[in-house]
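The structure appears right after this line, and notes come after that.
The values are calculated or read from the model by the stated rules, or taken from the named source; none is laboratory data. Owing to the predicted nature of the structure, the values given are computational and were not obtained by experimental measurement. Every residue, glycine among them, receives a Cβ derived from its backbone with ideal geometry; neighbour counts consider all protein chains shown. Please note that ligands, DNA and RNA were not included when accessible areas were found on the heavy atoms of the full protein model with its side chains. Shrake-Rupley method; radii C 1.70, N 1.55, O 1.52, S 1.80 Å.
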Amino acid sequence: MHWTLVPLAVRELKARDKLKNLQLQCRRLAFLPKPSLSSNIASPPTDRFKLIFSIPPSSLAAAKTAVFATGAGSYPGPGHYTEVCFTVSGTSQFRPGEGAKPNIGTVGQLEELEGVRCEILCVGRDIAWKVVDALK
């Protein structure tokens, strides 16, 4: 399984600060410290991350259950939505190289697999860490 955590913008910044905001949105984080910005930019009340992972369709339900049990997928705000996610099916491919010991496929041979991409909101670093542990 492959996963990524991506920071989300929390609030709109002033026009002159939009470039800094865009740089933050484009930066992929693996729990790196948030870059310091000038003091005139209000910091968000809590960090938000989007967990993105790809998984075989047969394992999706179990993975979502484990992730939602950590508190991920809860949308802060009116309505108190829980178990919020986005999924899309697709086909992934890979070719194991020399020295690889693939669990699926054969060295040097192109392999194609059906998979599901799942995106889930994680509010707070503590939730993000729990989610990563749940997916291991």
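For the range 102-133: of the residues being within 23 Å of Lys64 (Cα to Cα) and of a type in the set (Asp, Glu), which is most open to solvent (accessible area, probe 1.4 Å)? Per the criteria, the residue is Glu114. The residues of the range 65-79 that are open to solvent by 40 Å² or more (accessible area, probe 1.4 Å), assigned to a helix (DSSP H, G or I) and either hydroxyl-bearing (Ser, Thr, Tyr) or in contact with a Gly (Cβ under 8 Å, 6 or more places away or on another chain) (or both) amount to a single one, Thr65.
The listed residues are Ile127, Ile120, and the only one of them that is closer than 18 Å to Leu60 by Cβ and not acidic (Asp, Glu) turns out to be Ile120. The single condition among (1) modelled with pLDDT of 55 or more; (2) open to solvent by 90 Å² or more (accessible area, probe 1.4 Å); (3) of a type in the set (Gly, Ala, Ser) that Ser36 does not satisfy is (1). Restricting the search to the range 71-107, which residues are of a type in the set (Phe, Trp, Tyr) and within 20 Å of Ile55 (Cα to Cα)? Selection gives Phe86, Phe94. Mind listing just one residue for me: the one in the range 81-101 that is under 16 Å from the mean Cα position of the chain (by Cα) and part of a loop (DSSP other than H, G, I, E, B) and, of those, nearest to Thr70 (Cα to Cα)? Filtering first and then ranking leaves Glu83.
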